[in-house]
Structures are given as C-alpha cells and as structure tokens.
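Heads up: the structure comes next, in structure tokens.
The values are calculated or read from the model by the stated rules, or taken from the named source; none is laboratory data. Small disclaimer: the values here were computed from a predicted structure and weren't measured. Cβ coordinates were reconstructed from backbone atoms using ideal geometry, including for glycine residues, and neighbour counts include every protein chain displayed. Surface accessibility is based on the protein's heavy atoms, side chains included, excluding ligands, DNA and RNA. Shrake-Rupley method; radii C 1.70, N 1.55, O 1.52, S 1.80 Å.
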Amino acid sequence: VQLVESGGGLVQAGGSLRLSCAASGGTFSSYVMGWFRQAPGKEREFVAVIAYSGGVTYYADSVKGRFTISRDNAKNTVYLQMNSLKPDDTAVYYCAQSRKYYSGRYYPDDFRYWGQGTQVTVSS
C-alpha cells in the first residue's frame, strides 16, 4: 500500500485548501481513511476519519465545522477540505489507512499505512 498526499501550501488566515491522498495497492474501499497532523515539537494529532463508503465521519473538536473529509472509492482518493484556516492549523498533514472501525476519534496506533505528509502553513 502506498499513500501520496498533495495539496498543501501557504495560505493566509481565513483561506482554504483542499488536500488529496491517493492510494495504490490493496482494496481502498475496505479501509477506514484518516487525516492526522503534526506541528513542530508536538505529537501527531487526530484530525478526521471517514468510514469505508464515506457515510460515517468523525472530526476533532478543533476542526469541526471548518474541515470536511470525503472519499472517492472509484479514484482511490480521500480528501480534506479545509476552510477558515487559522495559524494554529499549521502542520504537516498525513493521511493513513486502518482496518479498524469504531465510532469516535482514532489514534495513530490504529493505522498501519501512512503517507509522507504535506506541509500546510497558515500565515496571520
């Protein structure tokens, strides 16, 4: 399994970005997909997760109402639409795959496969 993120960049506070994560290998629709982020000097933080068909999602409180996770199983791709960005959203964003399904937030140990990350920088 290989995961490749794209779409990161530099944006002003209040702006938007859409991240993409393309997967290859394995059966994409059989995995729960998640987004995490890690800022310098901080632990990797859960952002959002989406279930197999996309009907169930869960968000961290810090991004709820601003970020939207979605997936296109025909394209083996998961997305993270980020609106109303804040400087605190600055981090490297990672997508990940998990075979575990449960309701609620996920943790890094729940995920087996990870992308290389894409940098998001929000200026004030």
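Quick one: what do you get for the chain if you divide its Cα Rg by 2.2 N^0.38 Å?
0.97
GNM on the chain, C-alpha springs below 10 Å: top fluctuator among S30, S20, S70?
Sorting by GNM fluctuation, first place goes to S30.
Rank these by accessible area, largest first, 1.4 Å probe: W35, W114.
The most accessible residue leads, giving W114, W35.
Working only with C-alpha atoms, what are the Rg and Dmax values of the range 65-110, expressed in angstrom?
Cα only, the range 65-110: 12.6, 34 Å (Rg, Dmax).
Can you work out the Karplus-derived ³J(HN,Hα) for every residue in the range 47-56? Use 6.51 cos²θ - 1.76 cosθ + 1.60 with θ = phi - 60°, whole Hz, and x for glycine or proline.
With coefficients 6.51, -1.76 and 1.60, one gets 10, 7, 9, 9, 6, 3, 9, x, x, 10 Hz.
From the backbone phi of the range 106-115, what are the Karplus-calculated ³J(HN,Hα) couplings (6.51 cos²θ - 1.76 cosθ + 1.60, θ = phi - 60°) in whole Hz, Gly and Pro given as x?
Calculated HN-Hα couplings, in order: 10, 10, x, 5, 6, 10, 9, 10, 9, x Hz.
Placing +1 at every Lys and Arg Cβ and -1 at every Asp and Glu Cβ, with all other atoms neutral, what dipole size does the chain have around its Cα centre, in debye to the nearest 20?
So the dipole magnitude of the chain works out to roughly 180 debye.
Quick one: ranking R37, R105 by accessible area, 1.4 Å probe, largest first, what do you get?
R105, R37
Quick one: what are the phi-derived ³J(HN,Hα) couplings along the range 17-25, Karplus 6.51/-1.76/1.60 with θ = phi - 60°, whole Hz, x for glycine and proline?
After applying 6.51 cos²θ - 1.76 cosθ + 1.60, I find 9, 10, 8, 10, 9, 9, 10, 9, x Hz.
Note down the accessible area of Y58, probe 1.4 Å, to the nearest 10 Å².
Only protein atoms counted, so the area is about 90 Å².
So, taking all protein chains as they sit and a 1.4 Å probe, how much accessible area belongs to R18, in Å² rounded to tens?
130 Å²
When Rg is the radius of gyration of the Cα atoms in the range 5-67 and Rh is its Kirkwood radius, what does Rg/Rh come to?
Expressed as Rg/Rh, it is 0.98.
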